[in-house]
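The block underneath contains the structure these notes are about, expressed in structure tokens.
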Amino acid sequence: MIIKSTVLYAPAIMAPRAAAFILVLLLTRRLGPAEFGLYALVTLVGEMLDMGSSNWIRFSLLRSDISTPAVWRDGLVKSARLSVAFMSLACLVGLGVAYWIAPGRALTFAVAVAAYVVSNSALRLGLATLQLQGRKLEQSALETARAAGLLCSGWIASGLHPDFASVALANAAVTGAFAAIVLTRGALTLPAGGAVGASYRSRIEYGLPIVALTFVSYMVASSDRVFLKLLGGAASVGIYAASYSIARTPSDIIGNAMNQGGFPELMRRHDQAGVDGAAQFVRNAFELMTVLQFTVLGFSAGLSHAIANAVLPPAYRDAAIHLLPIITAGAVCISLKAYVFDNIFHATRKNWLQFSTYAPAGLVTVAASLLLIPRLGALGAALSFLLGSFCGLMSSYLLSRRFINARLNMVELAKAVALGVIGGGVGHLTWMALPTHLPALAVFAAAATAGLTVWAVAAVLLRPKLIRGPVDKLTRKLLKRAPAQA
């Protein structure tokens with residue numbers, strides 16, 4: 001089920017992130033490092049405020065209403081009202097943040113952040129409605145179309161006005177248009193039913209821990225760029241943000257794709273099969289997640305030179321070679337924490353305890369940033385991100401075991417590490433063996449292909465269930481259809 005859900009939701013997660021990733025690469029060639037740094041900060045602040053003001057509403061809708069279709073319509077109405085109230089508050093907070101981060105261009109920065117918050121909050125509610133109904137393919141199709149719109153609008157806007165605000169506002173306009181489409185389609189297809197669901201109070205009580213945790217988690221995952229802006233300037237942020245986007249995107253795509261189907265399924269398993277059923281699901285999710293995430297980390301470390309040379313302008317390359325593996329390691333820690341162990345707190349309704357996992361991680365990140373960034377610059381920011389992320393992962397793992405102990409298989413974990421080392425190692429050796437006069441993109445493609453080929457063979461040998469399970473299911477489906485067609 002985990003693999004099937006991940007595959008179905010992958011386009012919905014992958015397409016917007018892939019578009020954002022490609023746009024970052026294009027913008028590094030059209031915007032100066034300072035303008036690109038401000039664009040990255042608008043995205044960071046907007047995402048933080050959006051997640052804090054609306055993501056908890058999505059979680060509340062799925063957690064409170066998913067098992068009772070008769071209350072879905074009531075849940076959507078209440079969630080929409082909460083979204084309007086909290087996104088308005090988020091826009092006011094964004095205005096204050098703008099004067100702190102970008103005092104010289106505060107008003108423009110604030111408008112761009114507000115546009116991001118409003119458009120993405122509306123889209124998030126619409127997608128949650130589709131997710132509630134299990135309409136995976138439709139969600140994936142709409143998100144794929146939006147991704148194409150984001151890429152085109154950002155590229156056109158940067159050509160007309162090469163500054164951060166034009167790109168940010170163009171992207172917000174596209175997202176807002178798709179939010180209207182998704183909300184309309186999701187609301188019109190809700191089943192009839194006038195039952196009253198969870199109250200506003202219970203939804204807010206459920207969501208308040210998530211809001212607090214969102215801001216603490218962003219302290220872990222994002223304060224590196226804020227401190228880098230304050231201590232090093234917007235140009236330093238631009239150089240760092242380009243590496244961050246490349247390193248974080250693959251891990252984030254994998255984690256989000258798994259979580260789109262994994263989160264509601266874990267809620268069902270816990271409600272229907274109890275702790276034992278939930279523990280088995282968490283164990284399976286962890287094993288699949290580690291195989292994929294450690295593979296990403298292995299390739300990031302082994303091919304950092306090839307990646308930097310292939311996709312970044314010269315001004316960004318030297319820093320990226322050192323930053324990519326460190327940032328990817330931090331991103332892997334965050335994905336394992338957020339999409340495996342933190343879900344246990346949601347399933348057992350222990351949301352407030354997540355604060356105990358983020359608080360020490362946030363303090364470590366801030367302390368490391370203040371200590372390392374003045375001395376090491378962007379490298380110090382990357383190290384502070386990794387230290388805080390690892391601290392958060394270990395805290396979440398140790399605390400969540402009190403409620404659902406999945407009894408993780410260390411042998412399977414070692415195999416996942418081995419697969420990452422094998423794939424990345426073969427890719428690195430291939431990169432070293434190739435002639436230096438070849439085009440950088442061709443070198444990267446050849447090295448990545450060699451690494452992936454050997455990785456696939458090693459995966460079949462070390463983790464045959466990873467391949468055998470989906471193949472067996474497909475074979476059974478084909479055998480069932482054969483007699484009917486005959």
Selection count where residues are touching a Leu at 6+ places or on another chain (Cβ under 9 Å), among the aliphatic types (A, V, I, L, M) and free of Cβ contacts under 8 Å to residues at least 40 places away in the same chain, scope the stretch 142-173: 2
Cβ pairs under 9 Å, 6+ apart, first in the stretch 437-449 and surrounded by fewer than 17 Cβ atoms within 10 Å (Cβ to Cβ), second part of a loop (DSSP other than H, G, I, E, B): ALA442/LEU434
Condition met for LEU228 (at pLDDT 80 or above, crowded, with 16+ Cβ neighbours inside 10 Å and under 30 Å from VAL364 (Cβ atoms)): yes
GLY238 surrounded by fewer than 21 Cβ atoms within 10 Å (Cβ to Cβ) and either within 27 Å of ALA418 (Cβ to Cβ) or of a type in the set (Gly, Ala, Ser) (or both): no
The one condition in (1) crowded, with 18+ Cβ neighbours inside 10 Å; (2) out of contact with any Gly (no Cβ under 7 Å at 6 or more places or on another chain) that ALA367 fails to fulfil: (1)
Some residue of the stretch 108-123 being touching a helix residue (DSSP H, G or I) at 6+ places or on another chain (Cβ under 9 Å), more than 27 Å from LYS229 (Cα to Cα) and not small (Gly, Ala, Ser): yes
Candidates PHE286, PHE294, PHE299 - the one that is open to solvent by 40 Å² or more (accessible area, probe 1.4 Å) and touching a residue at least 60 places away in the same chain (Cβ under 8 Å): PHE294
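Do you know which residues across the stretch 381-421 are among the aromatic types (Phe, Trp, Tyr) and within 24 Å of PHE299 (Cβ to Cβ)?
Taking the stretch 381-421 first, the residues among the aromatic types (Phe, Trp, Tyr) are 385, 390, 397, 403.
Those that are among the aromatic types (Phe, Trp, Tyr) and within 24 Å of PHE299 (Cβ to Cβ): PHE385, PHE390.
Let me confirm something: among ALA447, ALA459, ALA482, which residue is at pLDDT 90 or above and either assigned to a helix (DSSP H, G or I) or under 17 Å from VAL311 (Cβ atoms) (or both)? Break it down into steps so the answer makes sense when it comes.
Numbers: ALA459 fails: at pLDDT 90 or above; ALA482 fails: at pLDDT 90 or above.
Among ALA447, ALA459, ALA482, only ALA447 is at pLDDT 90 or above and either assigned to a helix (DSSP H, G or I) or under 17 Å from VAL311 (Cβ atoms) (or both).
The values are calculated or read from the model by the stated rules, or taken from the named source; none is laboratory data. In this text, all values refer to a predicted model and were calculated from it rather than measured experimentally. Quick reminder, even Gly has a Cβ in these numbers, built from the backbone with ideal geometry, and neighbours come from all protein chains shown. The accessibility values were calculated without ligands, DNA or RNA, using every heavy atom of the protein model including side chains. Shrake-Rupley method; radii C 1.70, N 1.55, O 1.52, S 1.80 Å.
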